[in-house]
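First up is the structure itself, then whatever we jot down about it.
The values are calculated or read from the model by the stated rules, or taken from the named source; none is laboratory data. These numbers were taken from a predicted model, which means no experiment stands behind them. Quick reminder, even Gly has a Cβ in these numbers, built from the backbone with ideal geometry, and neighbours come from all protein chains shown.
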Amino acid sequence: MQEHDEGIDVYDEGESTRTKIIEVQPKTIVTENKSPDVPFDYSINPYQGCEHGCVYCYARNSHEYWGYNAGKDFERVIMVKKEAASLLEKEFRKKSYQPKLIVLSGNTDCYQPIERKLGITRELLKVFQQYRHPVGIITKNSLIQRDIDILSDLAKINAAQVVVSLTSLREETRRLMEPRTASVKQRLQTIEKLSAAGIPVRVNLAPIIPAINSDEVFDLVKAAADHGALTANYILVRLNGAIGPIFEDWVQKVYPDRADKVLNLIKETHGGALNESRFKTRMRGEGVYAEQVKSIFDIACRKFLPKTERGEMDYSHFSVPGAGKQMGMFD
(Lines give C-alpha, C1' and ligand atoms only; values in the text may rest on other atoms or scores of the structure.)
Protein backbone atom coordinates (compact mmCIF):
# COMPACT_ATOMS: atom_id res chain seq x y z
CA MET A 1 0.00 0.00 0.00
CA GLN A 2 1.24 3.48 -0.78
CA GLU A 3 0.00 7.03 -0.75
CA HIS A 4 0.46 9.94 -3.09
CA ASP A 5 -0.74 13.50 -3.26
CA GLU A 6 -1.99 14.26 -6.76
CA GLY A 7 -1.75 18.00 -7.37
CA ILE A 8 -4.36 20.02 -9.20
CA ASP A 9 -1.98 20.84 -12.05
CA VAL A 10 -3.65 18.05 -14.02
CA TYR A 11 -6.70 20.28 -14.45
CA ASP A 12 -7.61 23.93 -14.49
CA GLU A 13 -9.93 23.52 -11.53
CA GLY A 14 -10.58 21.22 -8.61
CA GLU A 15 -9.39 20.60 -5.08
CA SER A 16 -6.39 18.48 -4.21
CA THR A 17 -7.22 15.42 -2.13
CA ARG A 18 -5.12 12.95 -0.24
CA THR A 19 -5.59 9.69 -2.10
CA LYS A 20 -4.83 6.22 -0.78
CA ILE A 21 -3.56 3.87 -3.48
CA ILE A 22 -4.01 0.13 -2.96
CA GLU A 23 -2.50 -2.36 -5.37
CA VAL A 24 -4.69 -5.39 -6.18
CA GLN A 25 -3.71 -8.47 -8.13
CA PRO A 26 -6.60 -9.92 -10.13
CA LYS A 27 -6.13 -13.20 -11.98
CA THR A 28 -7.78 -11.86 -15.12
CA ILE A 29 -8.27 -8.36 -16.49
CA VAL A 30 -11.03 -8.57 -19.13
CA THR A 31 -14.56 -8.38 -17.75
CA GLU A 32 -17.63 -9.54 -19.64
CA ASN A 33 -20.61 -7.21 -19.73
CA LYS A 34 -24.10 -8.71 -19.90
CA SER A 35 -26.21 -5.55 -19.83
CA PRO A 36 -28.27 -5.03 -23.01
CA ASP A 37 -28.06 -1.26 -22.43
CA VAL A 38 -24.29 -1.14 -22.90
CA PRO A 39 -23.02 -1.27 -26.52
CA PHE A 40 -19.97 -3.44 -25.80
CA ASP A 41 -19.46 -6.89 -24.34
CA TYR A 42 -16.00 -6.67 -22.78
CA SER A 43 -14.17 -4.06 -20.75
CA ILE A 44 -11.04 -3.40 -18.71
CA ASN A 45 -10.94 -1.16 -15.65
CA PRO A 46 -7.33 -0.58 -14.56
CA TYR A 47 -8.62 1.40 -11.59
CA GLN A 48 -11.43 0.85 -9.09
CA GLY A 49 -12.69 4.05 -7.50
CA CYS A 50 -12.18 7.41 -9.20
CA GLU A 51 -10.58 10.67 -8.11
CA HIS A 52 -12.75 12.69 -10.49
CA GLY A 53 -15.46 12.93 -7.83
CA CYS A 54 -18.49 13.10 -10.14
CA VAL A 55 -21.47 13.24 -7.81
CA TYR A 56 -23.79 11.25 -10.08
CA CYS A 57 -21.37 8.42 -10.99
CA TYR A 58 -23.07 5.02 -11.21
CA ALA A 59 -19.73 3.31 -10.44
CA ARG A 60 -19.88 4.54 -6.84
CA ASN A 61 -22.04 1.55 -5.93
CA SER A 62 -19.35 -0.91 -7.03
CA HIS A 63 -16.95 0.42 -4.38
CA GLU A 64 -19.09 -1.14 -1.67
CA TYR A 65 -18.13 -4.56 -3.06
CA TRP A 66 -14.60 -3.86 -1.86
CA GLY A 67 -15.77 -2.86 1.61
CA TYR A 68 -15.60 0.91 1.11
CA ASN A 69 -18.35 3.49 1.03
CA ALA A 70 -19.74 5.01 -2.16
CA GLY A 71 -19.06 8.56 -0.97
CA LYS A 72 -15.62 9.92 -0.13
CA ASP A 73 -14.02 6.45 -0.14
CA PHE A 74 -14.90 6.09 -3.82
CA GLU A 75 -12.95 9.27 -4.56
CA ARG A 76 -10.03 8.76 -2.17
CA VAL A 77 -9.37 5.02 -1.97
CA ILE A 78 -8.26 3.87 -5.40
CA MET A 79 -7.40 0.26 -6.21
CA VAL A 80 -4.93 -0.13 -9.04
CA LYS A 81 -4.08 -3.11 -11.22
CA LYS A 82 -0.42 -2.68 -12.08
CA GLU A 83 -0.21 -6.06 -13.83
CA ALA A 84 -3.06 -5.20 -16.21
CA ALA A 85 -0.92 -5.11 -19.36
CA SER A 86 0.71 -8.49 -18.72
CA LEU A 87 -2.68 -10.02 -17.95
CA LEU A 88 -4.07 -8.64 -21.21
CA GLU A 89 -1.14 -10.06 -23.18
CA LYS A 90 -1.69 -13.42 -21.50
CA GLU A 91 -5.33 -13.27 -22.64
CA PHE A 92 -4.37 -12.47 -26.24
CA ARG A 93 -1.92 -15.38 -26.34
CA LYS A 94 -4.49 -18.02 -25.47
CA LYS A 95 -4.89 -20.44 -28.38
CA SER A 96 -8.67 -20.16 -28.13
CA TYR A 97 -8.74 -16.36 -28.09
CA GLN A 98 -10.84 -14.59 -30.70
CA PRO A 99 -10.56 -10.78 -31.03
CA LYS A 100 -13.51 -8.69 -29.92
CA LEU A 101 -14.02 -5.07 -28.94
CA ILE A 102 -12.60 -4.32 -25.50
CA VAL A 103 -13.44 -0.97 -23.92
CA LEU A 104 -11.29 0.79 -21.36
CA SER A 105 -13.36 2.51 -18.65
CA GLY A 106 -16.52 0.48 -18.64
CA ASN A 107 -16.79 1.44 -14.98
CA THR A 108 -14.25 4.07 -13.83
CA ASP A 109 -12.18 6.45 -15.93
CA CYS A 110 -8.90 4.95 -17.12
CA TYR A 111 -7.45 8.48 -17.42
CA GLN A 112 -8.21 9.68 -13.90
CA PRO A 113 -5.39 11.66 -12.19
CA ILE A 114 -3.37 8.70 -10.88
CA GLU A 115 -2.86 7.52 -14.48
CA ARG A 116 -0.46 10.41 -15.01
CA LYS A 117 1.84 8.83 -12.44
CA LEU A 118 1.27 5.09 -12.97
CA GLY A 119 0.70 4.90 -16.73
CA ILE A 120 -1.26 1.63 -16.58
CA THR A 121 -3.60 2.71 -19.37
CA ARG A 122 -0.73 3.56 -21.68
CA GLU A 123 0.86 0.15 -21.05
CA LEU A 124 -2.45 -1.49 -21.93
CA LEU A 125 -2.63 0.52 -25.15
CA LYS A 126 0.86 -0.63 -26.08
CA VAL A 127 -0.38 -4.22 -25.89
CA PHE A 128 -3.41 -3.40 -28.07
CA GLN A 129 -1.04 -1.77 -30.54
CA GLN A 130 1.43 -4.66 -30.57
CA TYR A 131 -1.31 -7.21 -31.21
CA ARG A 132 -3.25 -4.92 -33.58
CA HIS A 133 -6.34 -5.48 -31.47
CA PRO A 134 -9.38 -3.11 -31.52
CA VAL A 135 -9.91 -0.94 -28.45
CA GLY A 136 -12.52 1.57 -27.35
CA ILE A 137 -12.07 4.22 -24.67
CA ILE A 138 -14.57 6.21 -22.60
CA THR A 139 -13.15 9.22 -20.78
CA LYS A 140 -13.73 12.80 -19.66
CA ASN A 141 -10.05 13.50 -19.12
CA SER A 142 -7.74 15.42 -21.45
CA LEU A 143 -4.83 13.17 -20.44
CA ILE A 144 -5.86 10.91 -23.32
CA GLN A 145 -4.06 13.37 -25.60
CA ARG A 146 -0.82 11.87 -24.31
CA ASP A 147 -1.66 8.63 -26.12
CA ILE A 148 -2.65 10.05 -29.51
CA ASP A 149 0.43 8.39 -31.01
CA ILE A 150 -0.83 4.89 -30.20
CA LEU A 151 -4.51 5.58 -30.86
CA SER A 152 -3.89 7.20 -34.23
CA ASP A 153 -1.79 4.21 -35.28
CA LEU A 154 -4.62 1.83 -34.37
CA ALA A 155 -7.18 4.11 -36.01
CA LYS A 156 -5.40 3.68 -39.34
CA ILE A 157 -6.59 0.06 -39.35
CA ASN A 158 -10.03 0.85 -37.87
CA ALA A 159 -9.01 -0.48 -34.47
CA ALA A 160 -9.60 2.50 -32.17
CA GLN A 161 -12.58 4.61 -31.14
CA VAL A 162 -12.99 7.14 -28.34
CA VAL A 163 -16.06 8.36 -26.48
CA VAL A 164 -15.62 11.67 -24.68
CA SER A 165 -18.14 12.47 -21.94
CA LEU A 166 -19.39 16.05 -22.16
CA THR A 167 -21.88 17.23 -19.55
CA SER A 168 -21.89 21.02 -19.72
CA LEU A 169 -20.46 24.01 -21.57
CA ARG A 170 -20.70 26.07 -18.38
CA GLU A 171 -17.49 25.79 -16.41
CA GLU A 172 -19.22 26.49 -13.10
CA THR A 173 -21.67 23.65 -13.66
CA ARG A 174 -18.86 21.30 -14.67
CA ARG A 175 -16.88 22.23 -11.56
CA LEU A 176 -19.81 21.61 -9.24
CA MET A 177 -20.80 18.25 -10.75
CA GLU A 178 -17.36 16.93 -11.65
CA PRO A 179 -14.86 18.75 -9.42
CA ARG A 180 -11.63 17.06 -10.50
CA THR A 181 -12.24 16.45 -14.18
CA ALA A 182 -10.84 18.23 -17.23
CA SER A 183 -12.29 21.67 -17.83
CA VAL A 184 -14.84 22.33 -20.57
CA LYS A 185 -12.14 24.00 -22.67
CA GLN A 186 -9.79 21.03 -22.26
CA ARG A 187 -12.52 18.55 -23.15
CA LEU A 188 -13.51 20.34 -26.35
CA GLN A 189 -9.85 20.65 -27.25
CA THR A 190 -9.46 16.90 -26.68
CA ILE A 191 -12.30 16.10 -29.08
CA GLU A 192 -10.69 18.38 -31.66
CA LYS A 193 -7.18 16.99 -31.31
CA LEU A 194 -8.25 13.36 -31.40
CA SER A 195 -10.41 13.98 -34.45
CA ALA A 196 -7.59 15.86 -36.22
CA ALA A 197 -5.34 12.83 -35.63
CA GLY A 198 -7.81 10.58 -37.45
CA ILE A 199 -9.23 8.95 -34.33
CA PRO A 200 -13.04 8.50 -34.48
CA VAL A 201 -14.65 10.39 -31.61
CA ARG A 202 -18.17 10.10 -30.29
CA VAL A 203 -19.56 12.33 -27.57
CA ASN A 204 -21.71 11.10 -24.73
CA LEU A 205 -23.90 13.68 -23.00
CA ALA A 206 -23.95 11.81 -19.74
CA PRO A 207 -25.76 12.33 -17.63
CA ILE A 208 -28.42 14.85 -18.55
CA ILE A 209 -29.83 16.15 -15.25
CA PRO A 210 -33.18 17.99 -15.29
CA ALA A 211 -32.94 21.69 -14.35
CA ILE A 212 -29.13 21.52 -14.12
CA ASN A 213 -27.76 20.81 -17.58
CA SER A 214 -30.86 19.68 -19.49
CA ASP A 215 -31.16 23.11 -21.10
CA GLU A 216 -27.77 22.57 -22.78
CA VAL A 217 -28.60 19.50 -24.88
CA PHE A 218 -28.87 21.39 -28.18
CA ASP A 219 -25.71 23.44 -27.59
CA LEU A 220 -23.74 20.41 -26.41
CA VAL A 221 -24.45 18.53 -29.62
CA LYS A 222 -23.48 21.58 -31.67
CA ALA A 223 -20.22 22.00 -29.75
CA ALA A 224 -19.40 18.33 -30.23
CA ALA A 225 -19.95 18.62 -33.98
CA ASP A 226 -18.00 21.87 -34.22
CA HIS A 227 -14.97 20.20 -32.64
CA GLY A 228 -14.99 17.14 -34.88
CA ALA A 229 -17.15 14.50 -33.18
CA LEU A 230 -18.78 12.04 -35.57
CA THR A 231 -21.80 11.03 -33.49
CA ALA A 232 -23.41 11.68 -30.12
CA ASN A 233 -25.46 9.88 -27.51
CA TYR A 234 -27.08 10.88 -24.23
CA ILE A 235 -28.06 9.26 -20.94
CA LEU A 236 -30.67 10.63 -18.57
CA VAL A 237 -29.51 10.59 -14.96
CA ARG A 238 -30.56 7.71 -12.71
CA LEU A 239 -29.57 7.40 -9.07
CA ASN A 240 -29.46 3.75 -8.07
CA GLY A 241 -28.36 2.37 -4.72
CA ALA A 242 -26.16 4.60 -2.57
CA ILE A 243 -25.99 7.29 -5.26
CA GLY A 244 -29.50 8.53 -4.47
CA PRO A 245 -28.75 9.81 -0.94
CA ILE A 246 -25.35 11.14 -2.03
CA PHE A 247 -26.91 13.11 -4.88
CA GLU A 248 -29.81 14.35 -2.74
CA ASP A 249 -27.42 15.69 -0.11
CA TRP A 250 -25.29 17.34 -2.80
CA VAL A 251 -28.14 19.01 -4.69
CA GLN A 252 -29.67 20.39 -1.48
CA LYS A 253 -26.33 22.01 -0.59
CA VAL A 254 -25.25 23.18 -4.06
CA TYR A 255 -28.61 24.13 -5.59
CA PRO A 256 -30.89 24.85 -2.61
CA ASP A 257 -33.11 27.11 -4.71
CA ARG A 258 -34.02 24.35 -7.16
CA ALA A 259 -33.20 21.09 -5.38
CA ASP A 260 -36.82 19.99 -5.06
CA LYS A 261 -37.45 20.75 -8.73
CA VAL A 262 -34.41 18.73 -9.81
CA LEU A 263 -35.35 15.72 -7.69
CA ASN A 264 -39.02 15.79 -8.70
CA LEU A 265 -38.18 15.96 -12.39
CA ILE A 266 -35.77 13.03 -12.05
CA LYS A 267 -38.52 11.05 -10.34
CA GLU A 268 -40.95 12.03 -13.10
CA THR A 269 -38.69 10.38 -15.68
CA HIS A 270 -38.32 7.16 -13.67
CA GLY A 271 -41.85 6.28 -12.59
CA GLY A 272 -41.79 8.31 -9.38
CA ALA A 273 -38.41 7.10 -8.09
CA LEU A 274 -34.85 8.35 -8.25
CA ASN A 275 -33.58 4.93 -9.23
CA GLU A 276 -34.33 2.90 -12.34
CA SER A 277 -33.26 -0.68 -13.07
CA ARG A 278 -35.34 -1.69 -16.06
CA PHE A 279 -33.27 -2.54 -19.12
CA LYS A 280 -34.04 -0.49 -22.24
CA THR A 281 -35.68 2.20 -20.07
CA ARG A 282 -33.20 3.14 -17.37
CA MET A 283 -30.81 5.06 -19.66
CA ARG A 284 -33.42 7.31 -21.30
CA GLY A 285 -36.30 7.44 -18.85
CA GLU A 286 -39.94 7.87 -19.82
CA GLY A 287 -42.74 10.39 -19.57
CA VAL A 288 -43.25 13.91 -20.92
CA TYR A 289 -39.98 15.39 -19.68
CA ALA A 290 -37.89 12.49 -20.97
CA GLU A 291 -39.60 12.81 -24.36
CA GLN A 292 -38.79 16.53 -24.46
CA VAL A 293 -35.11 15.81 -23.87
CA LYS A 294 -35.14 13.13 -26.56
CA SER A 295 -36.86 15.44 -29.03
CA ILE A 296 -34.32 18.23 -28.55
CA PHE A 297 -31.44 15.77 -28.83
CA ASP A 298 -32.84 14.26 -32.04
CA ILE A 299 -33.35 17.70 -33.61
CA ALA A 300 -29.79 18.72 -32.72
CA CYS A 301 -28.33 15.53 -34.17
CA ARG A 302 -30.26 15.92 -37.42
CA LYS A 303 -28.97 19.48 -37.72
CA PHE A 304 -25.36 19.08 -36.62
CA LEU A 305 -24.54 15.35 -36.78
CA PRO A 306 -26.60 13.88 -39.63
CA LYS A 307 -24.24 10.91 -39.98
CA THR A 308 -25.33 8.71 -37.11
CA GLU A 309 -23.94 5.33 -38.12
CA ARG A 310 -20.96 4.06 -36.18
CA GLY A 311 -17.94 2.78 -38.10
CA GLU A 312 -17.21 -0.90 -37.65
CA MET A 313 -14.03 -2.11 -36.02
CA ASP A 314 -11.70 -4.25 -38.14
CA TYR A 315 -10.60 -7.43 -36.38
CA SER A 316 -8.72 -8.91 -39.32
CA HIS A 317 -5.36 -7.35 -38.34
CA PHE A 318 -5.14 -9.09 -34.97
CA SER A 319 -2.03 -11.22 -34.72
CA VAL A 320 0.10 -12.75 -31.97
CA PRO A 321 3.75 -11.77 -32.36
CA GLY A 322 5.89 -14.87 -32.96
CA ALA A 323 2.90 -17.21 -33.21
CA GLY A 324 3.50 -20.09 -35.58
CA LYS A 325 7.19 -19.24 -35.97
CA GLN A 326 9.39 -22.28 -35.44
CA MET A 327 12.47 -21.78 -33.34
CA GLY A 328 15.69 -22.59 -35.15
CA MET A 329 18.82 -23.98 -33.54
CA PHE A 330 20.49 -20.60 -33.39
CA ASP A 331 17.38 -18.43 -32.70
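A compact table of results
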read-out	value
In the range 232-250, the residues that are more than 16 Å from residue 294 (Cα to Cα) and in contact (Cβ under 8 Å) with a residue 24 or more places away in the chain	239, 240, 241, 242, 243, 244, 246, 247, 248, 250
Verdict on residue 195 being among the polar types (S, T, N, Q) and more than 23 Å from residue 147 (Cβ to Cβ)	no
Pair list, Cβ < 7 Å and 6+ apart or interchain, from the range 302-326 residues that are over 25 Å from residue 92 (Cα atoms) to residues that are modelled with pLDDT under 90 and of a type in the set (D, E, K, R)	none
Evaluation of residue 146 against (1) outside any helix (DSSP H, G or I); (2) surrounded by fewer than 18 Cβ atoms within 10 Å (Cβ to Cβ) (one fails), failing number	(1)
Any chance residue 47 is over 18 Å from residue 110 (Cα atoms) and either at pLDDT 95 or above or exposed (fewer than 13 other Cβ atoms within 10 Å of the Cβ) (or both)	no
Residue pairs meeting the criteria (Cβ under 8 Å; at least 6 apart or on separate chains; first touching a residue at least 24 places away in the same chain (Cβ under 8 Å), in the range 133-156; second of a type in the set (Phe, Trp, Tyr) and outside any loop (DSSP other than H, G, I, E, B))	133/92; 134/128; 135/128; 150/128; 154/128
Matching option when the condition is of a type in the set (Gly, Ala, Ser), in contact (Cβ under 8 Å) with a residue 12 or more places away in the chain and surrounded by fewer than 16 Cβ atoms within 10 Å (Cβ to Cβ), among 224, 196, 211, 229	196
